[in-house]
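Comments concern the structure below.
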Amino acid sequence: MDLVPISDRSPAPAALTPPGAPAHAHAPASGAAASKPGELKAVDKDTTAGILFGVGAYGLWGLLPLYFFVLHPAGAVEIVANRVVWSLLFCTLLITVTRSWRVIGAAFRNRTVIGPLALAAGLIAVNWLTYTYGVTTGQAVETSLGYFINPLVSVLLGVFVLKEKLRPLQWAAVGIGFVAVGVLTYSYGKLPWIALTLAFSFGLYGFVKKRVGPRADAITSLSVETIVLSPLAGVTMIVLATTGAATLTSNGAGHFWLLAASGVITAVPLLFFGASARRLPMTTIGLLQYFAPVLQFIVALVVFREAMTPERWIGFGVVWLALLVLTADMLLTTRKNAVTRRLARAAA
């Protein structure tokens, strides 16, 4: 099992078949050992694009704390409300340029699409609020911990939701992860609820998005989620403005445009993430997702100068050990599956 739960339509971990392609897409037509050059070239191009989109998404998410830092004195609720409302404007322009209004309408009429995406919208809203709160209150280290724990949450989703059986190394990784949470609970003097909320909300978000699969492309998915959240976000901005708690128009033009830019800053990595998930096997996405928390952790220590006690270093070290075990299992399983497929093709 991979770092992120795989839907029943997902390719095998080591496969390079683009999502939606038939399972035999790379099988030689006459028993030859290799696929046609044109097919390999198309697959390589798609995989390269997926990796670039993935690095872009996780890289931008990793640097997001720097953006929240310059938005001071705006609070978490105002920042998230602005992210949604300005993202709606961005999506409206994007849909108009790409002439996708019919696709959006079809998505809202399709229960198998609108239902999961509405759930995804709720999950990402919880994730945004928790993450923004953590960063703006001097707890960026704990927010990075949440995304380090996320792969372990994905394993648990595989067990409890997909009813998958864990391999020995996966059990070891999960066990080590629970030890890490215990150590960090002792270190913080409380359960690291920010980290756990981030891990579970984003783990479930990725799972729901993967289940939607090819029924909604990246633009459609992002647009539907934004439209679902916009009424509540709009009301929130009105309430903040009428109570004098909003900073959008009271801190100068620079602050206004920084908050307005939240639409693009929010939408672009989500689009990249959706485009990457549609092109890459989950093994690759599982490795790329470490990129964001590493950057967040570095920013928290180097830029924000947040404290790391010896106990916290131990806790993080145990988390990294669990991730190392999980990654080793993933790579070993991927190699074993690749060998099995090659032998099967040779025997065909």
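Values computed for the structure shown
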| read-out | value |
| --- | --- |
| Condition broken by Lys163, with the remaining ones in (1) assigned to a helix (DSSP H, G or I); (2) without any contact (Cβ under 8 Å) to a residue 40 or more places away in the chain satisfied | (1) |
| Thr334 vs. criteria farther than 28 Å from Trp128 by Cβ and open to solvent by 50 Å² or more (accessible area, probe 1.4 Å) | no |
| Hits in the stretch 80-115 (condition: surrounded by 12 or more Cβ atoms within 10 Å (Cβ to Cβ) and of a type in the set (Lys, Arg)) | Arg83 |
| Filter pass, Ser201 being of a type in the set (Ser, Thr, Tyr), assigned to a helix (DSSP H, G or I) and within 21 Å of Ala107 (Cα to Cα) | no |
| Residues (modelled with pLDDT under 90 and either more than 18 Å from Thr48 (Cα to Cα) or out of contact with any Pro (no Cβ under 6 Å at 6 or more places or on another chain) (or both)) located in the stretch 280-299 | Leu280, Met282, Thr284, Ile285, Gly286, Leu287, Leu288, Gln289, Tyr290, Phe291 |
| Some residue of the stretch 104-116 being part of a helix (DSSP H, G or I) and of a type in the set (D, E, K, R) | yes |
| Ala57 vs. criteria modelled with pLDDT of 95 or more and closer than 28 Å to Leu248 by Cα | no |
| Test: Val159 is surrounded by fewer than 21 Cβ atoms within 10 Å (Cβ to Cβ) and modelled with pLDDT of 95 or more | no |
| Any hit, the stretch 310-325, residues being β-branched (Val, Ile, Thr), open to solvent by 20 Å² or more (accessible area, probe 1.4 Å), out of contact with any strand residue (DSSP E or B) (no Cβ under 6 Å at 6 or more places or on another chain) and without any contact (Cβ under 8 Å) to a residue 40 or more places away in the chain | no |
| Long-range neighbours under 6 Å by Cβ, at least six apart or interchain, first residue closer than 15 Å to Ile114 by Cβ and touching a residue at least 12 places away in the same chain (Cβ under 8 Å) within the stretch 215-240, second among the β-branched types (Val, Ile, Thr) and open to solvent by 20 Å² or more (accessible area, probe 1.4 Å) | Thr220/Val103 |
| Residue in the stretch 96-108 that is over 25 Å from Arg215 (Cβ atoms), of a type in the set (Phe, Trp, Tyr) and modelled with pLDDT under 95 present | no |
| Residue, farthest from Pro310 (Cα to Cα), within the stretch 185-210, restricted to residues that are open to solvent by 50 Å² or more (accessible area, probe 1.4 Å) and within 14 Å of the chain's Cα centre (by Cα) | Leu204 |
| Residues located in the stretch 170-190, provided they are part of a helix (DSSP H, G or I) and over 12 Å from Val155 (Cα atoms) | Ile176, Phe178, Val179, Ala180, Val181, Gly182, Val183, Leu184, Thr185, Tyr186, Ser187, Tyr188 |
| Selected residue (criterion: farthest from Ala76 (Cα to Cα)) from residues of the stretch 124-146 that are assigned to a helix (DSSP H, G or I) and open to solvent by 30 Å² or more (accessible area, probe 1.4 Å) | Val126 |
| Filter pass, Ser154 being buried (at least 22 other Cβ atoms within 10 Å of the Cβ) and of a type in the set (Ser, Thr, Tyr) | yes |
| Qualifying residue in the stretch 167-177 (condition: in contact with a Lys or Arg (Cβ under 9 Å, 6 or more places away or on another chain), open to solvent by less than 10 Å² (accessible area, probe 1.4 Å) and more than 24 Å from Val299 (Cβ to Cβ)) | no |
| Among residues of the stretch 43-79, those that are within 22 Å of Met237 (Cα to Cα), of a type in the set (A, V, I, L, M, F, W, C) and over 17 Å from the mean Cα position of the chain (by Cα), counted | 8 |
| Thr340 of a type in the set (Ser, Thr, Tyr) and either over 25 Å from Tyr188 (Cβ atoms) or modelled with pLDDT of 95 or more (or both) | yes |
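The values are calculated or read from the model by the stated rules, or taken from the named source; none is laboratory data. Quick caveat: nothing in here was measured; it's all calculated off a predicted structure. Glycine gets a Cβ as well: all are built from the backbone with ideal geometry, and neighbour counts include every protein chain shown. To get the accessible areas, we keep the full protein, side chains included, count just its heavy atoms, and leave off ligands, DNA and RNA. Shrake-Rupley method; radii C 1.70, N 1.55, O 1.52, S 1.80 Å.
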